[in-house]
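Below is one structure, written out as structure tokens; comments come after it.
The values are calculated or read from the model by the stated rules, or taken from the named source; none is laboratory data. Keep in mind that this is a model prediction, so the values were computed, not measured. Reconstructed Cβ throughout: ideal geometry from the backbone, glycine too, with neighbour counts over all protein chains shown. In case anyone asks, the SASA skips ligands and DNA or RNA and just uses the protein heavy atoms, side chains included. Shrake-Rupley method; radii C 1.70, N 1.55, O 1.52, S 1.80 Å.
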Amino acid sequence: GSGWMAHYYAVPDSGNGIVMLVNSQRAWPLFAKVLRDWSKWAGIAPVGMAHLTTVIILLQVVIGLLIIASLGQIFRIGQGLVMGKRSFAPLANVAWTVRLIQGLLATFLFWVLIWERSQDYLFLWSIIPHVFSWFEFAVLVAAVALAVTAAVPRAGSISR
């Protein structure tokens, strides 16, 4: 069915078990937290889904670092434009292979975001619903940073 989830976990040797029923398709993080706490309470090793909480924390760190690095790059490029150290020259014949790769990667990331937004449902949305919007934002900022970096080379290296 749509709009609900159910999960159970049993430890036959100890007689412990847990059943979770929710009215949402995006309850994976809740299940992971409850299973982590339950396994601690029951004195058993953490069950597989309980590790999702660690994955979410690591993903949040990666997202934060990506946003900081991307915004930092955009700021440095803006600063270079203002100081005359960079200029808008997307077709300049300087470091063209690196800039081409940056432009293609930016295009790919934009395409992935557009494709992802056009989907009715993606499994990742249900596994990490609260983190996924930040992930989308981080990818968007990274794509913009790559595109701007490719289009705005250092002014001293541009031959006119």
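For this structure, a couple of remarks:
- Restricted to the stretch 80-92, and to residues there that are under 11 Å from V152 (Cβ atoms) and not in a loop (DSSP other than H, G, I, E, B), the residue that is least open to solvent (accessible area, probe 1.4 Å) is G80.
- One residue from I57, I63 being surrounded by fewer than 16 Cβ atoms within 10 Å (Cβ to Cβ) and within 20 Å of H130 (Cβ to Cβ): I57
- Close contacts from the stretch 148-159, counting a first residue that is open to solvent by 60 Å² or more (accessible area, probe 1.4 Å) and of a type in the set (A, V, I, L, M, F, W, C) and a second that is at pLDDT 90 or above and part of a helix (DSSP H, G or I), with Cβ to Cβ under 9 Å and a gap of 6+ residues or different chains, come to none at all.
To keep it simple, each residue is scored yes or no on (1) hydroxyl-bearing (S, T, Y); (2) touching a residue at least 60 places away in the same chain (Cβ under 8 Å); (3) open to solvent by 100 Å² or more (accessible area, probe 1.4 Å).
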position: L71; (1), (2), (3): no, yes, no
position: I77; (1), (2), (3): no, yes, no
position: V94; (1), (2), (3): no, yes, no
position: G103; (1), (2), (3): no, no, no
position: S133; (1), (2), (3): yes, no, no
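- Any hit, the stretch 4-14, residues being assigned to a loop (DSSP other than H, G, I, E, B) and either open to solvent by less than 70 Å² (accessible area, probe 1.4 Å) or under 23 Å from P129 (Cα atoms) (or both): yes
- Flag if S118 is open to solvent by less than 90 Å² (accessible area, probe 1.4 Å), among the small types (G, A, S) and closer than 22 Å to W28 by Cβ: no
- If the condition is being assigned to a helix (DSSP H, G or I) and in contact with a Leu (Cβ under 9 Å, 6 or more places away or on another chain), then the stretch 118-132 contributes I127, V131, F132.
- Among the residues of the stretch 15-37, the ones that are of a type in the set (D, E, K, R), assigned to a helix (DSSP H, G or I) and surrounded by fewer than 17 Cβ atoms within 10 Å (Cβ to Cβ) come to 2 in all.
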